Structure formats: C-alpha cells, structure tokens
Amino acid sequence: TGKTDYVLTMKDVPEEYKRRILVCMEMVPAPSLLPRYIDVLCDQYRRRVLKGDVEKLQLSLAEEAPTEEIVRELSRATEVQEKLAEVQKSTSMGMTESIVEYLNSLYRADQQPTKTGFEPLDQVLGGFAPKSINILSGRSGMGKSDFSIFLAVKLALQGVRVLYLSMEMPRTQIMARIASRVAMIDSRRLSDAKSLTEEERTTVAVLLERISKIPLVLDEQQGLTIAAIAAKIRKHRPQVIFVDHMQLMAQENPSRQGWENLAETSRAMKRMAMNENVIFVELVQQNADIEKRGDKTPRMSDVKGTDGYTNDADTLMFIQADRSADAMNSGESVDVRLFIANGSVGQLPFRWQPQFHRYLALSRLEE
C-alpha cells in the first residue's frame, strides 16, 4: 500500500519475527507518517537515556551512596528528560512539518510549476513557479502586452484561472487582439467591422463563443493600488495574475521618493503572491539607455526601478523584437528573442506575427 512504516510496525514486535518482517516491508516511512516516525525515534532515545540514569541510581542505592547525592542524580535525570521533551516537541512542530509539507508538495498539483502552454517557454522555464513574481520587461513596441495576452489565453485554455489587469488598454482592444489570433484576421481590419465580410464576422463570433467559457477575466482600471489588487484576488480567486503595466500603478505614498514607492509596491506584491498562493506576471518598462548602446543585449539595470523590482523577482525576462521588419504591411513574421536574465539563464528565439497577435515556435512554426 505504500503506507507501511518500519518504526511503528517494529516497535512492539518480538525479536524472533523482526528479520522476517524486514524482508516483507519497505524501510522508508510514508510522508504522512513522518511526524509520528520522528516522535517515536525521539521517545525511544529518551527511554534509553532514562534507562541508563535509572541503572546509575540503582547502583548508587545498592552501594548506599549518600541520600543527597542520589537525589541530585535523580534531579539531574529529571532535568535531562525535560530538556529532551522540549527538543522532541520543537522537532515535531518545526522541522517535521516543513519536511512533510515539502514531501507532500511533490505530489500536489497546486505546488507544481504552472505550464504556460507555449512550448518554447515551458522548455526553458519549466513553467511559472508557485507563489512567484515573473517580470516581463521591454521597450515600447516590443510586444510586451501582446505576448502577455497571448500567454494569458494559453494558460486559460488549459483551465488555469487567469486575471488580466490592464491599466492602459481597454477590454475591447484586448478582445480584438484575441479575436484576431483565433480567427487569423488582420487586427487592423477587425477595428472596422464594415471591412469584414459576413463570413468573417460569423467566423469571429463562432470562434469567440468556443473560448467564452475559459477561466480568463479581463479587468481594466487605471491607477491600481495594492488594496485594489487584493480585493480583485478575493473576488476572482485567480491562479495567475498579469499586471499591465507596473509603472501605471498608483503611488501608495506620494510624499515618498519614486524608488521608495516602487520598492514598497514590489515587496507588497511578493507578500501577496506568498500569502494568496498566486503567480504574478508583471509587465515593466525598460530604460531608454539600451537604445543608445551598440550592444542591445538587455541587462538587469535596464529595468525601470531596477532594485525595486528585480530584488523580488523569481524570473526576469526581456522581450526584444526586430522592429526594422515591416511585418504589419508585408504580412511576414518578426524575429523575437526572449532573454532570461535570472533563474534559467539563456535566450529563447521565436517568431511574432503582430498583425495576428500570434507567436510561433521556431522548431515547428506552430503555436
């Protein structure tokens, strides 16, 4: 059954049967029995110590040692047992619970990394870790919002509850991007319903109806505060939250320096991720300094409010697209590189079709 435990089973078994039992059972305790396992081991150790002290007392009595000396030995033995009892209690309540929690987490779905559904990214990151802060940074026009909306839909299609918090793009624009991708209709044409044929309008309606039940909530509100995000988490109970973008959040304390507000916001988001067991994907702007450098490889210092965000980030990603390509007019795709600056370090190349808000893996050229 996988729940047989050596220590608990062998504790009261006669010696002549122990060897046979050992052949028939595993030596590793089940994780759920580990607290009891350690408690029994501690108790057996205390009994061995006590047995030794009792034997000393009996010897002192037999040798007719002074009564005061025997009483002191008895007091010392009692004190040792009290200290061992404290150790036993603290071990059971502290380290044991941590071990059990870790062992159980290996089998709990909510403690496993959340796969994005975009194979190239999952191969590099292994998914978003539980209770993590994941930063996606890039200059304007590099596709931060496009890529995050793409990932949000990918996650929701797998049944992951997603909350997309937008502070600059209305829900209608986000839905237009989603419609463009699922229907493979140029997003510029979708902005003008009159330019669509009856067949295209029907296609968009049918495809959007198919994904209407996915657990994706689109929320638009300017100047979000930490308290407002906490309230939205309680309302929607998401697993993954996209924040687009961090520089547009309200300053918690206008009298403070800008970097101080950034640092406090970042720490509060990290606490929220830990306490609410959610994953944050935070979109953060990049400094303009990268445009002045010959080497365009992004650095951690390129993130606006660097220390305020990067110190609390579990994963830091930079997105960089080939803006020289006129993909919107030519219908071609654009080269994109995703730089992973911490955690799994490396570069991830793929393709972007901005006219369809679609991303393609280079290996198979498919979503």
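Summary table below
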item: Tail beyond 22 Å, pair distance distribution of the range 114-232 (Cα, percent); result: 42 percent
item: Relative contact order (percent, whole number), the range 153-301, Cα cutoff 8 Å, 6+ residue spacing; result: 30 percent
item: Ranked packing of 136-143, 187-194, 229-236, 215-222, most packed first, by mean Cβ within 10 Å; result: 136-143, 215-222, 229-236, 187-194
item: Angstrom value of the Kirkwood radius, inverse mean 1/r, which spans all Cα pairs in the range 196-249; result: 13.8 Å
item: Protection proxy ranking of 68-75, 128-135 - average other beta-carbon atoms within 10 Å, highest first; result: 128-135, 68-75
item: Nearest-0.05 FRET efficiency for A205 and M274, computed from C-beta distance (R0 45 Å); result: 0.60
item: Where labels lie 7 Å past Cα in the beta-carbon direction, separation of T225 and Q123 in nm; result: 4.6 nm
item: Relative compactness, the range 212-304, computed as alpha-carbon Rg over 2.2 N^0.38 Å; result: 1.25
item: Relative packing of peptides 58-64, 80-86 - highest average C-beta neighbours within 10 Å first; result: 80-86, 58-64
item: Paramagnetic reach from K296 in the range 133-151 [backbone N under 15 Å; point 7 Å along Cα→Cβ]; result: 138-144
item: Rounded to the nearest 20 debye, dipole of the range 179-281 from Cβ charges on Lys, Arg, Asp, Glu; result: 360 debye
item: Hull-based mean projected area of the range 272-321, where the convex hull spans the alpha carbons, in square nanometres; result: 4.0 nm²
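Values in this text are rule-based calculations from the coordinates and carry no lab data. Everything numeric in this text was worked out from a predicted model, so none of it was measured. Methodologically, a virtual Cβ is constructed for each residue, glycine included, from the backbone with ideal geometry; neighbour enumeration extends over all protein chains shown.
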